[in-house]
Every structure is written in C-alpha cells, then in structure tokens.
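Coordinate-derived values only; no laboratory data. Keep in mind that this is a model prediction, so the values were computed, not measured. Cβ: placed from backbone, ideal geometry, glycine included. Neighbour counts: every protein chain shown.
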Ligand SMILES: [Fe+2]
Ligand SMILES: [Fe+2]
C-alpha cells in the first residue's frame with residue numbers, strides 16, 4: 001500500500017533511530033522514496049514502525065528499495 | 001541606497017556568515033581534539049557577532065518590536081514562497097539531493113517561523129507562555145510538544161530538545 005507523505009505519519013517514522021540510515025536529512029523512505037546514498041545494512045527496524053503496521057507494509061529496507069507501492 | 005549603506009549591509013551579511021562558519025569550525029576542531037584552536041574560533045565568532053550587530057544598528061535595521069516582527073515575517077515569507085522553492089527546483093535539476101533536502105528542511109521551518117511571528121505580532125504582550133523545541137538535525141521548530149520523530153528529517157525525539165533561551 002502507498003504511504004501518503006504527511007507530517008502526521010512522518011511523526012511516527014522510526015528511520016531516525018535505524019542503524020542502517022545513511023547520514024542525510026532524508027528519512028521516511030517508505031513514503032518519500034529511496035536514499036541516493038549507499039545503504040550499509042546493519043539491520044532494519046521498519047517492522048517495528050507503526051506506519052508499516054497501519055499501511056500493511058511487508059518489505060524491509062525502504063531506504064534502499066524505495067517508496068511502498 | 002548610498003554606497004555606505006550598501007557596504008553596511010554587505011558587512012552585516014559577511015560578519016553574520018563568519019560567526020556561523022567559525023562556530024562550525026570550532027566544533028570540528030573540538031571533534032579533532034584541538035581545544036585551543038576551537039577556542040580561537042569561538043573568540044573570533046563572538047567578536048564577529050558584535051561587529052554584525054553594530055553594523056545592523058548603524059543601518060537602522062533594529063526598530064521597535066512591532067516593526068521587527070513585520071520585517072521577520074517578510075523575511076520568512078520571502079524564503080518559503082520565493083527563495084527556497086526556486087532553490088529546491090534548481091537542486092533537483094542539478095541532481096543535488098543533499099542540497100534539495102537542506103533547502104526543503106529550511107523551507108518547512110520557515111513556514112512555521114512566519115506563523116509564529118504572525119501570532120506574536122497579533123498578540124504581543126498577550127502571547128501565551130509556550131515551550132519550543134528545535135530539531136538539532138534539520139532545524140524544524142515545534143511549539144509545546146515535540147513529535148516522536150521529526151516530521152521533516154525523521155530525527156528521533158531525543159534530537160529535538162527543548163529550546164532554552
Ligand atoms: Fe526562519
Ligand atoms: Fe528534523
């Protein structure tokens with residue numbers, strides 16, 4: 001399911017706590033699309049995110065694969 | 001505008017920029033364990049602040065608070081309606097993602113700042129006492145409650161500390 005890019009959902013995003021998040025101001029990747037940085041996979045916490053649960057998201061590493069569709 | 005008024009404006013901009021650059025350089029020096037170098041950057045930064053404020057005062061850039069709020073609103077409005085939207089488009093066209101997000105993050109905060117100043121201009125002495133939070137990563141500004149994650153940059157709440165004046 002697509003995740004709308006709203007501040008309401010962005011406020012619940014866990015990307016900022018993720019060990020794999022590259023250093024950049026972008027986050028909320030499941031809504032805003034993938035990072036253009038190289039992703040060092042040190043674990044993915046998308047599964048713990050309320051946004052993931054509410055929108056029935058199944059994938060990991062949205063920072064690499066891009067926005068949910 | 002006379003040459004000297006233009007020079008004052010240029011000097012104010014330059015001194016203001018030097019202040020912020022030196023504070024960033026001081027932090028970098030501290031990270032490299034160079035405390036005495038950092039101190040010199042902070043000393044110069046403090047001095048540049050005095051210069052900048054002196055230039056601004058001589059320019060007539062500091063008025064009463066009602067007028068200062070109007071100036072502040074105008075600046076914030078210009079940034080989020082004209083300056084940053086153009087900069088964001090340009091950064092996109094050039095494929096500079098980091099610049100695009102740096103501009104976009106600032107743009108979102110400027111909208112909040114304009115509203116904050118507009119309410120201040122409206123209420124003045126009757127403003128309610130508020131608590132503010134500023135995201136350390138992107139500068140997004142929150143009144144009375146910080147979200148679990150910064151809505152702009154996803155930084156966690158721990159990186160959105162209460163602003164202490
Ligand atoms: Fe601002
Ligand atoms: Fe932020």
Self-check item: Residue under evaluation residue A:33, criteria (1) more than 8 Å from chain B (Cβ to nearest Cβ); (2) surrounded by 15 or more Cβ atoms within 10 Å (Cβ to Cβ); (3) closer than 21 Å to residue B:148 by Cβ, criterion not met
Solution: (3)
Quiz prompt | Condition check for residue B:95: out of contact with any strand residue (DSSP E or B) (no Cβ under 6 Å at 6 or more places or on another chain), within 14 Å of chain A (Cβ to nearest Cβ), away from ligand 1 (no atom under 16 Å from the Cβ) and closer than 24 Å to residue A:33 by Cβ | solution = yes
Self-check item: the stretch B:98-114, residues that are within 14 Å of chain A (Cβ to nearest Cβ) and within 16 Å of ligand 1 (Cβ to nearest atom)
Solution: B:102, B:103, B:104, B:105, B:106, B:107, B:108, B:109, B:111, B:112
Quiz item: Failed condition for residue B:118, given (1) within 18 Å of the chain's Cα centre (by Cα); (2) at the interface with another protein chain (Cβ under 10 Å from one of its Cβ atoms), with all others met?
Solution: (2)
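Counting only residues that are over 21 Å from residue B:137 (Cβ atoms) and not in a loop (DSSP other than H, G, I, E, B), how many does the stretch A:26-49 have? Break it down stepwise before answering.
Of the stretch A:26-49, the ones over 21 Å from residue B:137 (Cβ atoms) are A:41, A:47.
Among the residues that remain, those that are also not in a loop (DSSP other than H, G, I, E, B) are: A:47.
So the count comes out to 1.
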Quiz item: Do we have any residue at all in the stretch B:137-144 that's within 16 Å of the chain's Cα centre (by Cα), within 14 Å of ligand 2 (Cβ to nearest atom), surrounded by fewer than 15 Cβ atoms within 10 Å (Cβ to Cβ) and in a loop (DSSP other than H, G, I, E, B)?
Solution: no
Self-check item: Filtered residues of the stretch B:116-136 (kept if surrounded by 14 or more Cβ atoms within 10 Å (Cβ to Cβ) and under 12 Å from residue B:65 (Cβ atoms))
Solution: B:117, B:120, B:121
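Being under 23 Å from residue B:120 (Cα atoms) and over 19 Å from the mean Cα position of the chain (by Cα) narrows it down to one of B:31, B:64, so name that one.
Details: B:31 fails: under 23 Å from residue B:120 (Cα atoms).
Just a single option satisfies the conditions, and that option is B:64.
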Quiz item: Does residue B:165 satisfy the condition of being loosely packed, with under 12 Cβ neighbours inside 10 Å, assigned to a loop (DSSP other than H, G, I, E, B) and either more than 9 Å from ligand 2 (Cβ to nearest atom) or at the interface with another protein chain (Cβ under 9 Å from one of its Cβ atoms) (or both)?
Solution: yes
